[in-house]
Amino acid sequence: MIPAAFAYQRATSVDEAVRLLGQSEDAKVLAGGHSLVPLMRLRLAQPATLVDINALDRELGYIRRDNGTLRIGALARHYQLEESAEIKRSLPLLAEMAAEVGDAQVRSMGTIGGVLAHADPAGDYGTLALMLDATITTNKRSIAARDFFLGLFSTPLAADEMLTEIAFAVAAGPHAYLKFRRRMSDWAIVGVGAQKLDDGSYRVGITNAATTPIRADGVEQALQSGASPAEAAKRAGQRLDPTSDLRGSAEYKTHLAGVLTQRALEAAL
Amino acid sequence: MADRLPVSVAVNGTTYTREVEPRDLLVYFLREDLRLTGTHVGCDTSQCGACTVLLDGRPVKSCTLFAVQADGKTLTTIEGMAKNGELHPIQKAFWDEHGLQCGYCTPGFIMTASALLAKLPNPTEAQIRKGLEGNLCRCTGYVNIVRAVQSASAAMAARSAATPELVERGA
Amino acid sequence: MAVSQMIGARIQRREDPRLITGGGRYIEDLKPVGALTMALVRSPHPHARIRRINADAARALPGVVAVLVASDFKEVLKGSHPVAPAFVAEKLTVPDRYPIAADEVVFQGEPVVVVLAENRKLAVDAAEAVEVDYEPLPAVTDLFKALEPNSPKAHVNLVDNRAWDLTYAGEDTVSEAFARAEVVVKERVVQQRLAPTAMEPRGVVAEYSEYDGQLTLWLGTQNPHFIRLFVAGMLGMAETKVRVISEDVGGGFGSKISPYPEDYLVAAAARLLKRPVRWIETRSESIQATTHGRGQLFDVEIAAMRDGSLLALKVTQYLDTGAYVGTFGAFQACACLLAGGAYKWPGGVAARTVGVLTNRVPTDPYRGAGRPEATHNIERILDKLAHEIGMDPVAIRQKNFIQPDEFPFTNNFGLIYDSGNYQGAMDQAVQLVEYDAFRKRQAQARAEGRYLGIGISSWIEICGFGPSAATVGATGGLALIESAQVRIHPTGSAQVFVGTHAQGQGHETTFAQIAADTLGLPYESIEIRHGDTAEGAAFGYGTYGSRSLAVGGMAVRKTAKQVVAKAHKIAAHLLEAAPDDVVFDQGRFHVKGNPGTAKTMAEVAFASFGASLPEGVDHGLEATSYFDPPNFVWPFGTHICIVEVDPNTGSVNLEKYVAVDDCGEIINPLIVEGQLHGGIAQGIAQALFEEVSYDEETGQLLTGTLQDYLVPTANEIPTPVLGRTITPSPSNELGVKGIGEAGTIASSVAVINAIVDALQPLGITHIDMPASPDRLWQQIRAAQGAQA
């Protein structure tokens, strides 16, 4: 299928991109495009204007570490996250997560900023952002990850606001991300991430089991109080609200979250 | 008629300058404007990978990019793989190993495999399968596709060993 | 006779150089100058009345040449979509089907409006701009509810949703056996709807030449001659005025056998508008509107003795025909006739098929078509019976197999199995999979709380359609024989025209191997031509039902031998010898005992165009003939699968897959193995992944893209270990059978039997397809609950 006609604008700076976004009623950012373009081809999305920010590769494609903070430009692509020596050193869980996003071709194009801004509960990076209290920066402000995911495909981003950076505290300890799916290239039916921090505490997050990614704080607290992975995992379902769909019933997904939580914790011991 | 935008793109070593509509997908630009019909369309949701080409050396699904996004870039399509009438080792391996039946998905697989082998010249079977996760084949059960990539990897290693200057030149 | 060099040779395919370089010629690659693009407005409803169509906005868009509705086609398209008798000669309800809906739509995806524009973008824009006002009607979705008298009907004017209801053998056939049986086991087996998903979607291009009244239709089809016949009929044209050309076909698997509404609509639009017209299906259209496979429910009941002796079988098939009866939809009723599988049934086999109309896209053959279903039923119920009586699944099969010395074997429906050694194939598979060692490992794993299982599937297949006597009724008059024309040119190269076609199976290679050996010409000098109805013999019957080699390959063989016979006479004349004194050996004719003086086939070919020919022999070296096989062919084999099930997630790990298949003599082992790999993958895909899902209430399609319709990737399909036995077919002189569908016929139940075996300690005795993680987990949990 062919998308409906739209106006195309190529931004050469963040300022220009934001200005262009503000000019049109129904403008969308074109970054990796791998969520947007299929929807446009099916004509489920028909934006009037696309603001292509791919030319901002250099401005927003960075991956760097400032002391204890890993800063990643919004336009860093999945393959860069997967291959980056800095990320493997400073936040290997992110590199492993990136390697499991979509497929090789999708990873050539898709961006971390695009995944976060799209706020699909199946987006893996949102889980990590929540787990690690990441800071999401836009042209206007900084937003704590816990304040970013408002609901299904919903964020506090204004129409003329663009995500520019995500910053994580470095975490190189034991970790795991278990992404359960039927086909290798699929979204997670449910995904669970676990990261052990230097102080010995755990962070646990769950993908695609509610309208937003979920921080499994109940599991974290249980571990803090000395619970075993199996015991702690029993609390994985606490804040979940999965929907029943072709990939699985809500009941199954909730159960799966528990199983994967236990396994992720065991792998991240 | 909608606005048309100039696009200049190097495809298989030749630079083409054309005007496109913003909504023209890269795959149709290749197929219809440049008449490079070896790149196929098998789905409309970026699953099947039949449209895979190399964009600045990386594999992309050309059905999920607009032609305007390729402006100023370098593309390689299946038509650019054989050089001077000599098949690329991956093409040769697909032939030798019966890595295709109907052939429709094959160009996409060959392009994805070439990117995979550029990154991992000596992949394990699991790495090959993982590397091909974005391409669907309905005929082969993937058995001989995996074998073809294994055999291409060996052939390319042997060729590099025999002519080290090729490696230096990045061939 | 030439010493066989090419037959049996493992050679690379000659199709491949063009396909691996981007030089393939698929339908979308073709774009005649001035071609219009057709886009279709399709029904979004499974069932609705069309109240009003407003196309004013669409017509006003730039580049739109025409917007057509059903009434615009009435003058050009006459008649109804063909429905072959297949295995159900007498049908009860066959709704008329016009290529485009007029007043009522009966499945989601049915064409309602045709838009023609200067390019694809404009055509799609215009299709989006058409407004159709529908009055939704209740949709028929459930097979059993559909059969209730007060059910809504798939078409408003139907009296009954029963398309057919045919009893091949009544329950009385088996009542005595069921009465004396020591054990009776039954099961309901679901065959979910599948989308065949050839990687190349469909497409049609048509050009009508007004002055000579000639229509050329290009499309990707398995069946060019039949398409010509149907399109000519619907357009009221002579067959000679319609030329169908099908070049490289990007897979079909049965979905490109029958004609489609778009075939007629594109042809008619080209005729109406006097411009070439092109339509290329999108994947979303394909999942909606290309025929589906399977879509059946079976009630299976088996009667046996406690020692594992089988007595009798009862099978009832409920087949979801969709909203119209598919052209070859009733072919799938062969699941009834083959219900008995590889075993003997002294107490009889009762079988009944019921076709049920629903508000879904029609079903039609999909790889295996009826035979995977038959295999799934018998192999599933046999395992259930074995479990019930505490017998090993290998042993129960061994006890009941038809024995090698019992061939030709006439089954309970009068079908004659040509040759086989079922035990031999199973023995090899059991050995390859290390069955005994596995059972030990399984016992150990069970003690550790792990769930390993092994599943066996011994399959047989009817294929090679087919003998004229048996198939003439099934098509409504055209016996499924096959033709070939062989023509040797003066300089010794040969063209072979065949009536069948290819969808990726390498006929250009295989048929050339047969022709080379038969003609005694170098393989390289032989060209195979197919897919163009204006070339070669008058009619061909297409590629499906694993028939191309056993029937089409034999037509090549037979015709090439006729050419050799003619060459023989000319050679004798050239050698100044009596024909009886001349022998043909490795491509050379010579007088017996004098191989030094010889004429090659190329020399004879040259001479055949000269002035010195023997008395009564015409010029040229060519022949056309038709091969009518004396019987079907009957391949067979045993597949064994080992799985481990994770009871906590319901996921299945395919640990090992062994397949020992027997397709008689082999022309090219490389191609045979490739067919098995792909076929096995499709069966595994049915067992674990694929299902076309509809909302049970609304009837809306839920798996509309490849995001939701789960065609597996390279990561989900294991590499099978292939073994082989060779039991030549006595039905043709090449001794060949068929292999295109074998893998799919055997594999779904091997996987499911393995999963059931794995979960047997939980008391689970059956699992439906696809065995998704959720489904398995639910079932495991229920079983654990029951045990607790």
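The values are calculated or read from the model by the stated rules, or taken from the named source; none is laboratory data. All figures in this text were calculated on a predicted structure; none of them were measured in a lab. As a convention, Cβ positions derive from the backbone with ideal geometry for all residues, glycine included, and neighbour counts pool all protein chains shown.
Could you list all residues from region C:87-139 that are among the small types (Gly, Ala, Ser), surrounded by 19 or more Cβ atoms within 10 Å (Cβ to Cβ) and under 30 Å from C:ALA330 (Cα atoms)?
C:ALA101, C:GLY109, C:ALA139
Could you check region C:310-421 for helices (runs of 4 or more DSSP H) lying wholly inside it with 2 or more residues that are surrounded by fewer than 24 Cβ atoms within 10 Å (Cβ to Cβ), hydrophobic (A, V, I, L, M, F, W, C) and over 27 Å from the mean Cα position of the chain (by Cα)?
The qualifying helices (runs of 4 or more DSSP H) are C:371-389, C:393-400.
Looking only at region B:28-58, which residues are more than 10 Å from every other protein chain (Cβ to nearest Cβ) and either among the acidic types (Asp, Glu) or closer than 23 Å to A:VAL101 by Cα (or both)?
Across region B:28-58, the qualifying residue is only B:ASP33.
Looking only at region C:735-758, count every residue that is in a helix (DSSP H, G or I) and in contact with a strand residue (DSSP E or B) (Cβ under 9 Å, 6 or more places away or on another chain) and tell me the total.
16
For region B:12-23, check the following and say yes or no: at least one residue is of a type in the set (Ser, Thr, Tyr) and either in contact with a Lys or Arg (Cβ under 7 Å, 6 or more places away or on another chain) or part of a loop (DSSP other than H, G, I, E, B) (or both). Write out each step before concluding.
At the first step, the residues of region B:12-23 found to be of a type in the set (Ser, Thr, Tyr) are B:14-17.
From the residues that got through so far, the ones that are either in contact with a Lys or Arg (Cβ under 7 Å, 6 or more places away or on another chain) or part of a loop (DSSP other than H, G, I, E, B) (or both) too are none.
Within region B:12-23, none of the residues are of a type in the set (Ser, Thr, Tyr) and either in contact with a Lys or Arg (Cβ under 7 Å, 6 or more places away or on another chain) or part of a loop (DSSP other than H, G, I, E, B) (or both).
Out of the residues in region B:126-150 meeting the condition of being more than 11 Å from chain A (Cβ to nearest Cβ) and small (Gly, Ala, Ser), tell me which one is nearest to C:GLU741 (Cα to Cα).
Within region B:126-150, the match that is nearest to C:GLU741 (Cα to Cα) is B:GLY141.
Pairs only if they're at least six apart or on different chains, beta carbon under 6 angstrom, first in region C:12-40 and part of a loop (DSSP other than H, G, I, E, B), second basic (Lys, Arg); list them, first residue then second.
Qualifying pairs under 6 Å: C:GLY24/C:ARG18; C:GLY34/C:ARG275; C:ALA35/C:ARG278.
Does region A:237-252 contain at least one residue that is among the basic types (Lys, Arg) and within 9 Å of another protein chain (Cβ to nearest Cβ)?
Looking for residues that are among the basic types (Lys, Arg) and within 9 Å of another protein chain (Cβ to nearest Cβ), one finds at least one in region A:237-252, hence yes.
How many residues does region A:63-122 hold that are in contact with a His (Cβ under 8 Å, 6 or more places away or on another chain), surrounded by fewer than 23 Cβ atoms within 10 Å (Cβ to Cβ) and away from chain B (no Cβ under 14 Å)?
Qualifying residue count for the region: 1.
Test each condition in (1) surrounded by fewer than 24 Cβ atoms within 10 Å (Cβ to Cβ); (2) among the charged types (D, E, K, R); (3) under 25 Å from C:LEU702 (Cα atoms) for C:LYS256 and report the one that comes out false.
Single failed check for C:LYS256: (1).
Hey, among the residues in region B:63-83 that are more than 13 Å from chain C (Cβ to nearest Cβ) and either assigned to a loop (DSSP other than H, G, I, E, B) or touching a His at 6+ places or on another chain (Cβ under 8 Å) (or both), which one's nearest to B:THR52 (Cα to Cα)?
B:LEU65
Could you list all residues from region A:128-156 that are buried (at least 21 other Cβ atoms within 10 Å of the Cβ) and in contact (Cβ under 8 Å) with a residue 24 or more places away in the chain?
Result: A:LEU128, A:ALA129, A:LEU130, A:MET131, A:LEU132, A:ALA134, A:ILE136, A:THR138, A:PHE148, A:PHE149, A:THR155.
If A:ARG43 satisfies every condition in (1) in contact with a helix residue (DSSP H, G or I) (Cβ under 6 Å, 6 or more places away or on another chain); (2) assigned to a loop (DSSP other than H, G, I, E, B); (3) under 30 Å from C:LEU61 (Cα atoms) but one, which is the exception?
Only one criterion is unmet by A:ARG43, namely (1).
Looking at region C:573-613, which of the residues that are assigned to a loop (DSSP other than H, G, I, E, B) and within 47 Å of the chain's Cα centre (by Cα) is farthest from C:GLN495 (Cα to Cα)?
C:LEU613
For region C:638-679, which residues satisfy the criterion of being among the aliphatic types (A, V, I, L, M) and not in a strand (DSSP E or B)?
Answer for region C:638-679, where residues must be among the aliphatic types (A, V, I, L, M) and not in a strand (DSSP E or B): C:ILE666, C:ILE667, C:LEU670, C:ILE671, C:VAL672, C:LEU676.
Looking for whichever is at pLDDT 95 or above and more than 10 Å from chain B (Cβ to nearest Cβ) here; the options are C:ARG42, C:ARG25, C:ARG18. Which one fits?
Every option except C:ARG42 fails the conditions.
For region A:182-269, which helices (runs of 4 or more DSSP H) that fit wholly inside it have 3 or more residues that are over 23 Å from C:PRO647 (Cβ atoms)?
A:217-224
Let me confirm something: among C:ARG306, C:ARG278, C:ARG294, C:ARG271, which residue is basic (Lys, Arg) and in a helix (DSSP H, G or I)?
Testing whether each residue is basic (Lys, Arg) and in a helix (DSSP H, G or I) leaves just C:ARG271.
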